[in-house]
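Structure record follows, encoded as structure tokens.
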């Protein structure tokens, strides 16, 4: 069993909260990996984020690396350290001597890594430098690496904040549309009652006028409440720059592209046929990407883990009109080992435990519980169907505002 931080559950939740597309961050962090390599005089520098299954290299210098299984990485040990991890010679360390990056090209020997610490105190991953030759980093260079690592986290926080502002801006726009719709009712009532008073002339009784005025007062108060809602939200947002809260169009076609880019290489490496399909009639309808990529990614990683070579994993999405909202359906099926009913029940209770995959992949036990947690935070539903020896099917349903 491979090592885990004591706060692993909180760590994976914190990473999921950043809601990152691991394939789209190279341009944001490339300069920092180049700087780290230059500062230390090493050939290679990586910025790695580690989720339940995978180490994602979101930026790299000197080595074209996108991802690797978590259990094969050096950085899985770095996130256990309070400050840093140095390995003078990877070839002499039994944990890494047989790994491809040591035994084969690029024949790495030296490693130095610094944990990327979130504002919650969890380690999201690591900034690391590597080289085919042994190195000796002086304290000044190590201090500069710590500064670079802090800048990595700062940029991650900015990305998260911008994403949050975008979601809030979208919700504000929807709120304005709803308020505009709600105003029509009270305003129409006030106009109708005023017309009734003026058209009735002297025939209308005083008590009838007073009753109408009372109703008009209630309608007017409703209008004032709605106006307050608009003003409060506008005051909250009118200082924000428009480019920082611009609406991000996210739809099934874009979602499919992201999933294929992230997980097709892993599937190919294990000899598994991975396919992602969308509902052609709704694939360009926008929906919120909030946590959806993290949910899908964990389900796909789990499916790949428990599906043998020559097997298949199928992912499908659909957006259905449910009247006041759209329903996003995400289905991940596989031809893997399958599970007994008691294990399925444990997953649905958030009590699922992990085991080794079909190719001996290490199990950490947090992937599927994390999916359940994320789905529940979005008020969605998770359904699991599985039979030992006949694969599994995970279906997620999430309500999406129109």
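Which residue out of 2, 18 is touching a helix residue (DSSP H, G or I) at 6+ places or on another chain (Cβ under 6 Å) and outside the structural domain of residue 79 (by TED's automatic domain parsing)?
Details: 18 fails: outside the structural domain of residue 79 (by TED's automatic domain parsing).
2 is the lone residue from the list that is touching a helix residue (DSSP H, G or I) at 6+ places or on another chain (Cβ under 6 Å) and outside the structural domain of residue 79 (by TED's automatic domain parsing).
Quick one: residue 162 ticks every box in (1) at pLDDT 90 or above; (2) touching a helix residue (DSSP H, G or I) at 6+ places or on another chain (Cβ under 8 Å) bar one, so which box is it?
Going through the list (1) at pLDDT 90 or above; (2) touching a helix residue (DSSP H, G or I) at 6+ places or on another chain (Cβ under 8 Å), residue 162 breaks only (1).
Quick check: is even one residue across the range 253-269 part of a loop (DSSP other than H, G, I, E, B), assigned by TED's automatic domain parsing to the domain that holds residue 373 and either more than 27 Å from residue 161 (Cβ to Cβ) or modelled with pLDDT of 90 or more (or both)? I'd like the intermediate steps shown before the answer.
We begin by selecting, within the range 253-269, every residue part of a loop (DSSP other than H, G, I, E, B); these are none.
No, every residue in the range 253-269 fails to be part of a loop (DSSP other than H, G, I, E, B), assigned by TED's automatic domain parsing to the domain that holds residue 373 and either more than 27 Å from residue 161 (Cβ to Cβ) or modelled with pLDDT of 90 or more (or both).
Which of the residues belonging to the range 62-75 are closer than 21 Å to residue 40 by Cβ and in contact (Cβ under 8 Å) with a residue 24 or more places away in the chain?
Going through the range 62-75, the residues closer than 21 Å to residue 40 by Cβ turn out to be 62-65, 73-75.
Once the filter is applied, which keeps residues that are closer than 21 Å to residue 40 by Cβ and in contact (Cβ under 8 Å) with a residue 24 or more places away in the chain, the range 62-75 yields 62, 63, 73, 74, 75.
Just checking: which of the strands (runs of 3 or more DSSP E) contained wholly in the range 15-119 hold 1 or more residues that are over 30 Å from residue 260 (Cβ atoms)?
Working: elements: 44-50, 54-61, 67-69, 85-87, 110-117.
Because the criterion is at least 1 residues that are over 30 Å from residue 260 (Cβ atoms), the strands (runs of 3 or more DSSP E) in the range 15-119 that meet it are 85-87, 110-117.
So, of the residues in the range 289-322 that are in a loop (DSSP other than H, G, I, E, B) and farther than 15 Å from residue 266 by Cβ, which turns out to be farthest from the chain's Cα centre (by Cα)?
Applying the first criterion (in a loop (DSSP other than H, G, I, E, B)) to the range 289-322 yields 289-291, 306-311, 322.
The next check asks that each one be farther than 15 Å from residue 266 by Cβ; those that pass are 289-291, 310, 322.
Details: 289: 8, 290: 7, 291: 4, 310: 29, 322: 25 Å.
Within the range 289-322, the match that is farthest from the chain's Cα centre (by Cα) is 310.
Among the residues in the range 120-133, are any free of Cβ contacts under 8 Å to residues at least 24 places away in the same chain, closer than 29 Å to residue 301 by Cβ, in contact with a helix residue (DSSP H, G or I) (Cβ under 6 Å, 6 or more places away or on another chain) and surrounded by fewer than 17 Cβ atoms within 10 Å (Cβ to Cβ)?
No, the conditions are met nowhere in the range 120-133.
The values are calculated or read from the model by the stated rules, or taken from the named source; none is laboratory data. Quick caveat: nothing in here was measured; it's all calculated off a predicted structure. Note that we place each Cβ from the backbone using ideal geometry, even for glycine, and neighbour counts take in every protein chain shown.
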